[in-house]
Amino acid sequence: MAQLTAGYSGSDLASLARDAAYGPIRELKMDEVKSLDPVELRKVDMNDFLDSMKRMKKSVSPDSLAPFETWNHKFGEGSG
């Protein structure tokens, strides 16, 4: 999952997880949702995340990350 979401911001990841969490619910009809016992709802799986990644794109471009990467190399962890 980490490799698939390279370049996603923390906010992007939070949105992706939130969207994936709705995967099991999206499969149900409205009347099924209303009467569903939450314990019976299937667990979120990798397919939910993959489907969500089709809708939720990363919002940070590689070019906009360049200044942060430069700063991290100079002053960040392991800089010396």
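The values are calculated or read from the model by the stated rules, or taken from the named source; none is laboratory data. Here the structure is a predicted model, which is why all the values come from computation and not from measurement. Every residue, glycine as well, gets a Cβ built from its backbone with ideal geometry; the counts of neighbours run over all protein chains shown. Please note that ligands, DNA and RNA were not included when accessible areas were found on the heavy atoms of the full protein model with its side chains. Shrake-Rupley method; radii C 1.70, N 1.55, O 1.52, S 1.80 Å.
Please find, within region 39-50, the residue that is surrounded by the fewest Cβ atoms within 10 Å (Cβ to Cβ) out of those that are under 22 Å from residue 15 (Cβ atoms) and out of contact with any helix residue (DSSP H, G or I) (no Cβ under 7 Å at 6 or more places or on another chain). Here the answer is 43. The single residue among 21, 14 that is out of contact with any helix residue (DSSP H, G or I) (no Cβ under 6 Å at 6 or more places or on another chain) and in contact (Cβ under 8 Å) with a residue 24 or more places away in the chain turns out to be 21. Across region 42-56, which residue is farthest from residue 5 (Cα to Cα) among those that are outside any helix (DSSP H, G or I) and touching a residue at least 24 places away in the same chain (Cβ under 8 Å)? Looking at the filtered set, the residue picked out is 44.
The rows are residues; the columns are (1) open to solvent by less than 80 Å² (accessible area, probe 1.4 Å); (2) in a loop (DSSP other than H, G, I, E, B); (3) in contact with an Asp or Glu (Cβ under 8 Å, 6 or more places away or on another chain); (4) of a type outside the set (Asp, Glu).
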position: 4; (1), (2), (3), (4): no, yes, no, yes
position: 15; (1), (2), (3), (4): yes, no, no, yes
position: 31; (1), (2), (3), (4): no, no, no, no
position: 59; (1), (2), (3), (4): no, yes, yes, yes
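Restricted to region 61-71, and to residues there that are under 14 Å from residue 12 (Cβ atoms) and exposed (fewer than 12 other Cβ atoms within 10 Å of the Cβ), the residue that is modelled with the lowest pLDDT is 62.
Residues that are among the hydrophobic types (A, V, I, L, M, F, W, C) and at pLDDT below 90 are absent from region 12-31 altogether. Of the listed requirements (1) surrounded by fewer than 14 Cβ atoms within 10 Å (Cβ to Cβ); (2) at pLDDT 95 or above, residue 75 misses just one: (2).
Being part of a loop (DSSP other than H, G, I, E, B) and aliphatic (A, V, I, L, M) is a property that does not hold for residue 39.
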